[in-house]
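Structure, as structure tokens:
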Amino acid sequence: MPQFEKKELAEFVNSHNFEKKQWIAYDNIIIPMYLKALGLEVINGVNFIPNAERLKILDHEENNKKIYNRYAHIGVKPIFDDKNKIIFELKQADFYEIHIHPCNEKIKSLDVKYFIFPDSYTSSISSIKECNLHQLNNIPLNNYNVYERIDKEK
């Protein structure tokens, strides 16, 4: 077994039968690539070719195309005070961040079901719970927590 698969987070991911849905990892640019190495589909991380279809959902008027139309490392940061706001921020030539609330409806439109947050976000847990996100792990996994969005039946 490769060394990276012996970490708590990898063991947790490998021991669960997750639906074939998208993941998003907040506040880290390494964790998304780690999850991709474990075989998961992750929105952020390194994208060699921009996913125009996905980005059009987040930026339907393409106002930020100059920021994301590139090879890039993609970070995701939370906005906890405005569910509808999305900000694209170019940090350097090959790195940009998307600032977005976990409850933003566009995340659901991207088929994101699983979220990873740093353990330090527990103070914002009320904001996370209002999105119908439920924590799957009992203790932090390498200082991160895994959440699943539970869609309400209509």
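Within 21 Å of K66 (Cα to Cα) and either open to solvent by less than 20 Å² (accessible area, probe 1.4 Å) or out of contact with any helix residue (DSSP H, G or I) (no Cβ under 9 Å at 6 or more places or on another chain) (or both): is that true of Y114 in this structure? No: the conditions fail for Y114.
Would you point out the residue of the range 110-130, among those that are in contact with a Cys (Cβ under 9 Å, 6 or more places away or on another chain) and over 19 Å from M33 (Cα atoms), that is modelled with the lowest pLDDT? Break it down stepwise before answering.
Just the residues of the range 110-130 that are in contact with a Cys (Cβ under 9 Å, 6 or more places away or on another chain), to begin with: 115, 127-128, 130.
Next, only the ones that are over 19 Å from M33 (Cα atoms) stay: 127-128, 130.
Working: S127: 68, I128: 72, E130: 78.
Here the answer is S127.
Selection of the range 60-76 for residues being more than 19 Å from K36 (Cα to Cα), of a type outside the set (S, T, Y) and in contact with a strand residue (DSSP E or B) (Cβ under 7 Å, 6 or more places away or on another chain) yields N64, I67.
In the set (1) of a type in the set (G, A, S); (2) over 18 Å from D111 (Cβ atoms); (3) open to solvent by 50 Å² or more (accessible area, probe 1.4 Å), the condition left unmet by A10 is number (3). Residues that are open to solvent by 80 Å² or more (accessible area, probe 1.4 Å) and at pLDDT below 95 within the range 86-108 comprise E105, K108, listed in sequence order. In summary, M33 fulfils each of the numbered conditions (1) closer than 23 Å to S109 by Cβ; (2) surrounded by 15 or more Cβ atoms within 10 Å (Cβ to Cβ) with the single exception of condition (1).
On the basis of being at pLDDT 95 or above and surrounded by 15 or more Cβ atoms within 10 Å (Cβ to Cβ), does L133 make the cut?
On the way: at pLDDT 95 or above: no; surrounded by 15 or more Cβ atoms within 10 Å (Cβ to Cβ): yes.
When the stated conditions are applied, L133 does not pass them.
Do you know which of the residues in the range 68-77 that are open to solvent by less than 30 Å² (accessible area, probe 1.4 Å) and more than 15 Å from the chain's Cα centre (by Cα) is nearest to F88 (Cα to Cα)? So, considering only residues that are open to solvent by less than 30 Å² (accessible area, probe 1.4 Å) and more than 15 Å from the chain's Cα centre (by Cα), the one nearest to F88 (Cα to Cα) is Y68.
Working only within the range 48-101, note down all residues that are hydroxyl-bearing (S, T, Y) and part of a helix (DSSP H, G or I). Steps first, please.
From the range 48-101, those hydroxyl-bearing (S, T, Y) are 68, 71, 96; that's our starting set.
Selection gives Y68 alone.
The values are calculated or read from the model by the stated rules, or taken from the named source; none is laboratory data. Small disclaimer: the values here were computed from a predicted structure and weren't measured. Neighbour counts run over all protein chains shown; Cβ positions are idealised from the backbone, glycine included. Note: areas computed on protein heavy atoms with side chains; ligands, DNA, RNA excluded. Shrake-Rupley method; radii C 1.70, N 1.55, O 1.52, S 1.80 Å.
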